Structures are given as C-alpha cells and as structure tokens.
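Enquirer: First, the structure itself, so that you have it in front of you.
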C-alpha cells in the first residue's frame, strides 16, 4: 500500500503565502484535509479531521505551535506532528522536541525534505532537518538516554552511530576506528536498513531516542 497516497495532512501556518506553498508541496504526495491560520482554529481543524500528520508552525497567534503540539500529543496521540518554521534557534528546537514533535523542518528546506519529513513521521519515525540536526543530537546527553533498550545494532554499528552523533564524517570515522572507508559505508548502509532510516541523521536521532546509543 502506498503510504503517501493515504496519509491525511493538516497545515497550521499563519502566513498565507507560506501556507499556500506548503499545500502545493504536500498535496502532490498526500491528502491535505485541513488548513488553518492560527492555533485556535488549527486545533479545531485537527480535532475535526484527525489527520495522520499535522504540519505546524511555531509562531502561531492564539495558541503557539509548541502549545498546540503538546495538546495534539496529549489528546490525539495517533496524529503525528511535523514542526515547520523559519526559526533555527536551539531553544525553539529543544522546545519542539520536548513538546513531542516527531519532525522538525526549516521553511527554507527543499520541498523534498519537507515531504520526506511528513512521510517519515507518518510511518512512525523521527526526522530533523540536517541544518539543525546537531542541536537535536547534542540535546541527548549520555545521562538523558534510556538504558536497557534492546538494540538491533552490532557493537561496531553502535560505535559508528556514536561517532555520527558527534558530527564525524565517514573519513573521520574510518580513521578513528582504523577501518577502511568502504567498510564504514557498508556499516552505514546496514545501520540505515536496521533502523529503517533514510539517512545518517535520521539513524542517529532514531537510535538516540530509542536509547541504542
């Protein structure tokens, strides 16, 4: 079954032009079932339509995007949340994460990244724009991570993911672990498959949130 064609999406964005652009981007892949220009009517629309994914801006009038995300997570847990904003400040990213957002994109992201974020969220994954991924990864100090989770990763794959989460490139990983670059790339392919991840950042965020690293 094609997940994209059955995914129902609501857009809550106060700028009309941006909202229209998001609709154009998303309706090519998903079913856009509702739009709203503020947090109050956005919450009403989400309650009414119960979409699979709500795409929410942070700076909304009425109820801001963080509060709206918290409300959605508390009362409609089946609805996934994708934050889309121009703001890339650390406090906003962390606030969105703490509120329960499943994905976080900048409005300046390429359209395919926004579509990918909605797709990943709809499938139960987590996505954070590569431009701000370092903030998300840094948010998880070792003491904050859940321990005891049963990991599908090998010891070597775990080592590689830890280095990825520290911002290391493939060459640096190869040098640190004294293995070939091709071997690193092979391990990363296996990691993406094991975690159903689309890229290195998605894999690292997924592993961190599940307590694998």
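Derivation of every value follows stated rules applied to the coordinates shown; laboratory data play no part. Worth saying up front: this structure is predicted, and the values here are computed from it rather than measured. Please note: Cβ atoms are built from the backbone with ideal geometry, for glycine as well, and neighbour counts cover all protein chains shown.
Enquirer: How far is it, in nm, from the label point at residue 172 to the one at residue 50 when both lie 7 Å from their Cα along the line to the Cβ?
Expert: Calculated label separation equals 4.7 nm.
Enquirer: Between helix 200-210 and the chain, what is the angle of the helix's C-alpha long axis to the longest principal axis, kept within 0 to 90° and rounded to the nearest 10?
Expert: The angle comes out near 80 degrees.
Enquirer: Evaluate the distance, in nm, between pseudo-label points positioned 7 Å from the Cα of residue 86 and of residue 198 along their respective Cα→Cβ axes.
Expert: 2.4 nm
Enquirer: Compare the peptides 200-211, 69-80 by average per-residue count of other Cβ atoms within 10 angstrom and give them in order, highest first. Please list the in-between numbers first.
Expert: On the way: 200-211: 21.8, 69-80: 17.2.
Result, highest mean first: 200-211, 69-80.
Enquirer: Here's a follow-up. Taking the Cα-to-Cβ direction at residue 94 and at residue 17 and moving 7 Å from each Cα, how far apart do the two end points lie in nm?
Expert: If labels sit at residue 94 and residue 17, their model points lie 3.4 nm apart.
Enquirer: Residue separation times 0.36 nm, minus the C-alpha to C-alpha distance between residue 31 and residue 155: what's the value?
Expert: 40.5 nm
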